[in-house]
1. What pairs come up if the first residue lies in region 93-114 and is farther than 15 Å from Leu80 by Cα, the second is assigned to a loop (DSSP other than H, G, I, E, B) and of a type in the set (D, E, K, R), and their beta carbons are under 7 Å apart, counting only those six or more places apart or on different chains?
2. So which residues in region 59-98 are more than 15 Å from Phe120 (Cβ to Cβ), acidic (Asp, Glu) and in contact with a His (Cβ under 6 Å, 6 or more places away or on another chain), if there are any at all?
3. Out of all the residues in region 131-162, which are in contact with a Ser or Thr (Cβ under 6 Å, 6 or more places away or on another chain), buried (at least 22 other Cβ atoms within 10 Å of the Cβ) and not hydroxyl-bearing (Ser, Thr, Tyr)?
4. Find the residue count for region 51-69, including only residues that are in a strand (DSSP E or B) and more than 18 Å from Lys79 (Cα to Cα).
5. Are any residues in region 160-194 in a loop (DSSP other than H, G, I, E, B) and aliphatic (A, V, I, L, M), and if so, which ones?
6. Report the residue count in region 124-141 for those that are assigned to a loop (DSSP other than H, G, I, E, B) and closer than 22 Å to Ser88 by Cα.
7. Do you know which of the residues in region 3-41 that are in a helix (DSSP H, G or I) and of a type in the set (A, V, I, L, M, F, W, C) is surrounded by the fewest Cβ atoms within 10 Å (Cβ to Cβ)?
Amino acid sequence: MLDDFLERAEEDGEITGEDISGADLDSCTIRDCIISSSVLASVSLHNAALSDVVFDSCDLSAADLSSVSLLRVKIRNSKLSGASFAESRIRDLTIENCTARYTTFDGSAIKNMRVHDSDFSESSFSSCKAESLSIISSDLTRSSFRGTSLAGVDLSSSDVSGIALSENLRELRGARIEFSQAIAIIRTFGAEVK
């Protein structure tokens, strides 16, 4: 079944309506493929290489994408809750209209990642090397960015309530936030604002 999945991905370039929950696809290569309306919950893609891949209306909940290489990947209208992208190499990733609560990107190298209209509440982006990160109209409630610079990132349209940062707030240097967000962040550290 898994060989068939990978073979169709390579030959047809399109997969629709598959359920490969819990599958082990470690170290595989998937390129030039559209995967839609499929269930990949708890699938392991550890150390895999994905390039020019689109996931549309898929369930990738609790998927292990740690140490993965993502190049020109789009994930839209999908579930990513609990997925791990830890220690990954990410270049040109777009995530749109996704539910991605409890997702982790800890320790990843990120270049040109765009997040739009997605729920990343209680997720972790700690200790990432991030370059050209865009987060628009997304929920980052109680997410952690400890050790990850947000310089150049406009967070003004996103919910940053309870965001976890280092004590000196160095992650926010060069980021754009609204006044009301600044007050909420300061309250996170126990300060009383009048």
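1. Matching pairs, first to second residue: Gly107/Glu87; Ser108/Glu87.
2. Asp64
3. Scanning region 131-162 gives Ile135, Leu140.
4. So the answer is 3.
5. Result: Val160, Ile163, Leu165, Leu169, Ala175, Ile177, Ala191, Val193.
6. 6
7. Top of the filtered list is Leu6.
Since every read-out is calculated from the coordinates, none of them should be taken as a lab result. The structure displayed is predicted, hence computed values, not measured ones. Backbone-built Cβ (ideal geometry, glycine too); neighbour counts: all protein chains shown.
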